[in-house]
Ligand SMILES: N[C@@H](CCC(=O)N[C@@H](CS)C(=O)NCC(=O)O)C(=O)O
């Protein structure tokens with residue numbers, strides 16, 4: 001049985017991989033590390049970070065996008081056509097850029113600096129990011145998913161990115177920061193309503 005190792009967060013890079021395995025119908029060991037366990041395990045991972053996916057007889061795979069593409073290719077959740085696959089991977093990489101930009105802003109502690117940085121993030125980077133993703137989604141299909149009617153691993157990554165803000169956990173960034181981007185909003189809603197995603201949430 002494959003083993004997906006991540007922290008016990010209900011979001012982000014590990015959650016999208018767990019969701020992909022669940023949607024694919026793969027029975028997997030869902031290893032969730034506690035903060036205290038991490039320092040000892042960190043050096044054993046390929047890049048000192050999680051998630052990792054251990055596959056019997058193959059080894060350990062790191063990097064969330066590589067894990068998602070592998071699961072997607074194995075289980076029909078990633079396009080077979082090389083061009084379309086690359087277009088999906090482009091969107092997945094855009095989510096990684098978003099995470100790398102937002103992460104440092106969320107770590108700012110000083111209240112005044114934090115407020116300023118988050119307001120700038122909401123009005124600047126996030127609007128540009130949303131506009132770009134919206135345009136690329138419109139080019140690819142009429143929705144609701146990236147590829148139209150069928151869910152793919154890229155959808156899971158975009159869903160968690162949009163949900164990061166719409167869930168309200170990032171204060172000083174409006175929950176509706178992406179409201180002007182109907183394809184992105186529609187994608188988030190469609191993934192949230194997907195029966196297997198609902199089942200995963202309610203498990
Ligand atoms: N590029 C990597 C980034 C992995 C990453 O930064 N993971 C974070 C959790 S989301 C982590 O392991 N943080 C703990 C640490 O760096 O010590 C990926 O996409 O998987």
Exercise. Please identify which residues in the range 74-107 have an amide N closer than 15 Å to a label point set 7 Å out from the Cα of residue 24, following the Cα→Cβ vector.
Key: 74-80
Practice problem: Mind giving me the FRET efficiency for residue 83 and residue 193? R0 is 35 Å, r the Cβ-Cβ distance, nearest 0.05 is fine. | Solution: 0.75
Practice problem: Springs between alpha-carbon atoms under 10 Å, Gaussian network over the chain: tell me which of 14, 57, 168 tops the mean-square fluctuations. | Solution: 57
Exercise. Determine how many Å³ per residue the convex hull of the Cα atoms of the range 111-160 encloses.
Key: 74 Å³
Quiz item: Tell me, 100, 75, 152 in order of fewest to most beta-carbon neighbours within 10 Å?
Solution: 100, 75, 152
Exercise. Mind checking the full-extension length gain between residue 60 and residue 3? Use 0.36 nm per residue of separation minus the Cα-Cα distance, one decimal, nm.
Key: 19.6 nm
Quiz prompt | Calculated P(r) of the range 3-75 - Cα pairs past 15 Å, % | solution = 50 percent
Quiz item: Based on the alpha-carbon gyration tensor of the range 72-203, what equivalent-ellipsoid semi-axes (square roots of 5 times the eigenvalues) come out, in whole Å, largest first?
Solution: 27, 16, 13
Quiz item: In percent, what relative contact order does the range 1-144 have, based on Cα pairs under 8 Å that are 6 or more apart in sequence?
Solution: 18 percent
Quiz item: Per the helix-only calculation at 222 nm, which mean residue ellipticity applies to the chain, given -39500 (n - 2.57) for every DSSP H run of n ≥ 4 and division by its residues, nearest 500 deg cm²/dmol?
Solution: -18500 deg cm²/dmol
Practice problem: Could you tell me the distance between the Cα centroids of the range 61-111 and the range 118-185, to the nearest Å? | Solution: 13 Å
Quiz prompt | Amide N proximity, the range 161-178 versus residue 96 label position 7 Å along Cα-to-Cβ, cut-off under 17 Å | solution = 161
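Laboratory data are not the source of any read-out in this text; all were calculated from the coordinates shown. Here the structure is a predicted model, which means the values were calculated and not measured. Every residue, glycine among them, receives a Cβ derived from its backbone with ideal geometry; neighbour counts consider all protein chains shown.
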